[in-house]
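Here is the structure we will look at.
The values are calculated or read from the model by the stated rules, or taken from the named source; none is laboratory data. Note that the coordinates shown come from a computational prediction; the quantities given were computed from them, not determined experimentally. A quick note on method: Cβ atoms are made from the backbone with ideal geometry, for glycine too, and the neighbour counts reach across all protein chains shown.
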Amino acid sequence: MRVLPDDGHEVIGLDVLASPHTDIVGSIVDRNVVHRAVAGVDAVVHSATLHKPHVESHTRTDFVATNIAGTLNLLEEAVEAGADRFIFTSTTSAFGRVLQPEKNAPAAWITEDVVPVPRNIYGTTKAAAENLCELIARDYGLPCLILRTSRFFPEPDDTEDVRSAYDNLNLKVNELLHRRVDIEDVVSAHQLALERAPEIGFGRYIISATTPLTPDDLKAVRTDLPSVVARLYPDYPDIYAARGWSMFPSIDRVYANELARRELGWSPRYDYRRALDSLAKDIDPRSELAKAIGAKGYHEVSTGVYTVR
């Protein structure tokens, strides 16, 4: 909503909350609202969702209504409106339990070929919504691309032990190694998806910062991540020490974005190397778009990182 108008697009924003970027206040659960929102559109970018922190505040039925039924509403109304492309913002959480290998196993190397195993209602409903996208794409010929985004939210981590162990920016920079992406890069992936959808037809893509890690590192990063990072980035210990930061002792998964870079022509800019270079100059490593958006919480009433109705 902030960027597409600069590309010459006329945009219509639908959200449950009023904002400067919201044209229609309503929910995708309401079929009549969706019908009004998509009338006459050429494309739909669907990023509405109940998110992982909502697991603490919303029922499974709420998740099914928004993430599954709401997605179906948008898909069917897009077909009815004659839209010629549909972009669905999904999540790497859809992979579920495969993101957490057994205790002594190497870290998981996650590509689009990995088969999801349900872990919670959030990932389960997002995976189901992806399948609805594929069903409608194949039944009606609606070009549909699914972008499985890794973490891009600026809010504190939803795990108390992690929040207490790391400064928020320290945590976010660490995650650029394996499970985070800057919002500006997320937006550029969506722009490219809009352009390429008619040509590609249907596809799923992992949208995460380009990792410096390789499959050869998977055993080592599970047992001694700091040594691996020091080998790749000899300047990282001093940069971190100057801020009182620390590296994770280990990680359990690495997201690989090669397919998105190859098929979408995506070139994410905000990676771990760039973050280190910015920190060395005492510059905020986030994009200008990330800073402009800021943290919004997850609902109209927020308590810590969790939300209540």
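Taking ASN174, is it in a helix (DSSP H, G or I), surrounded by 19 or more Cβ atoms within 10 Å (Cβ to Cβ), in contact with a Phe, Trp or Tyr (Cβ under 9 Å, 6 or more places away or on another chain) and not aromatic (Phe, Trp, Tyr)? Explain how you work it out, then say what you get.
Numbers: in a helix (DSSP H, G or I): yes; surrounded by 19 or more Cβ atoms within 10 Å (Cβ to Cβ): yes; in contact with a Phe, Trp or Tyr (Cβ under 9 Å, 6 or more places away or on another chain): yes; not aromatic (Phe, Trp, Tyr): yes.
Against the criterion (in a helix (DSSP H, G or I), surrounded by 19 or more Cβ atoms within 10 Å (Cβ to Cβ), in contact with a Phe, Trp or Tyr (Cβ under 9 Å, 6 or more places away or on another chain) and not aromatic (Phe, Trp, Tyr)), ASN174 qualifies.
Give the residues of the range 38-60 that are over 25 Å from ALA94 (Cβ atoms) and either of a type outside the set (A, V, I, L, M) or in contact with a Leu (Cβ under 9 Å, 6 or more places away or on another chain) (or both), sorted by residue number.
If the condition is that a residue be over 25 Å from ALA94 (Cβ atoms) and either of a type outside the set (A, V, I, L, M) or in contact with a Leu (Cβ under 9 Å, 6 or more places away or on another chain) (or both), then GLY40, ASP42 are the ones that fit.
Could you tell me how many of the residues in the range 13-32 are at pLDDT 95 or above and among the small types (Gly, Ala, Ser)?
Residues meeting the conditions: 3.
Have a look at ALA65, ALA69 and point out the one that is free of Cβ contacts under 8 Å to residues at least 40 places away in the same chain, farther than 28 Å from ARG262 by Cβ and out of contact with any Lys or Arg (no Cβ under 8 Å at 6 or more places or on another chain). Quick ask: steps written out before the conclusion?
Details: ALA69 fails: free of Cβ contacts under 8 Å to residues at least 40 places away in the same chain.
The conditions single out ALA65.
Condition first: assigned to a loop (DSSP other than H, G, I, E, B), over 24 Å from SER227 (Cβ atoms), in contact with a strand residue (DSSP E or B) (Cβ under 7 Å, 6 or more places away or on another chain) and not charged (D, E, K, R). Can you find one or more residues in the range 275-287 that meet it? Please lay out each step first, then the result.
Within the range 275-287, the first condition is being assigned to a loop (DSSP other than H, G, I, E, B), and the residues that meet it are 281-287.
After this cut, where a residue has to be over 24 Å from SER227 (Cβ atoms) as well, the list is 281-284, 286-287.
Checking which are in contact with a strand residue (DSSP E or B) (Cβ under 7 Å, 6 or more places away or on another chain) leaves us with none.
No, the range 275-287 has no match at all.
Taking the criterion of being of a type in the set (Asp, Glu) and surrounded by 15 or more Cβ atoms within 10 Å (Cβ to Cβ), would at least one residue in the range 36-55 satisfy it?
Of the range 36-55, the ones of a type in the set (Asp, Glu) are 42.
Pick out the ones that are also surrounded by 15 or more Cβ atoms within 10 Å (Cβ to Cβ) and you get none.
The answer is no, given that none of the residues of the range 36-55 is of a type in the set (Asp, Glu) and surrounded by 15 or more Cβ atoms within 10 Å (Cβ to Cβ).
Please specify each residue of the range 1-54 satisfying the condition of being under 16 Å from GLY70 (Cβ atoms) and small (Gly, Ala, Ser).
GLY13, GLY26, SER27, ALA37, SER47, ALA48
Residue check: is ASP284 surrounded by fewer than 18 Cβ atoms within 10 Å (Cβ to Cβ), acidic (Asp, Glu) and closer than 15 Å to ASN170 by Cβ?
When the stated conditions are applied, ASP284 passes them.
Filter the range 269-309 down to the residues that are at pLDDT 60 or above, under 21 Å from the mean Cα position of the chain (by Cα) and hydrophobic (A, V, I, L, M, F, W, C) and list them by number.
If the condition is that a residue be at pLDDT 60 or above, under 21 Å from the mean Cα position of the chain (by Cα) and hydrophobic (A, V, I, L, M, F, W, C), then ALA275, LEU289, ALA290, ALA292, ILE293, ALA295 are the ones that fit.
How many residues, within the range 1-44, are more than 23 Å from LEU142 (Cβ to Cβ) and part of a helix (DSSP H, G or I)?
Adding up the residues that qualify gives 2.
For the range 186-268, please list each of the helices (runs of 4 or more DSSP H) lying entirely inside it that holds at least 3 residues being closer than 23 Å to PRO116 by Cα. Please lay out each step first, then the result.
Values: elements: 218-223, 225-232, 236-243, 258-263.
Passing ranges, in order: 218-223, 258-263.
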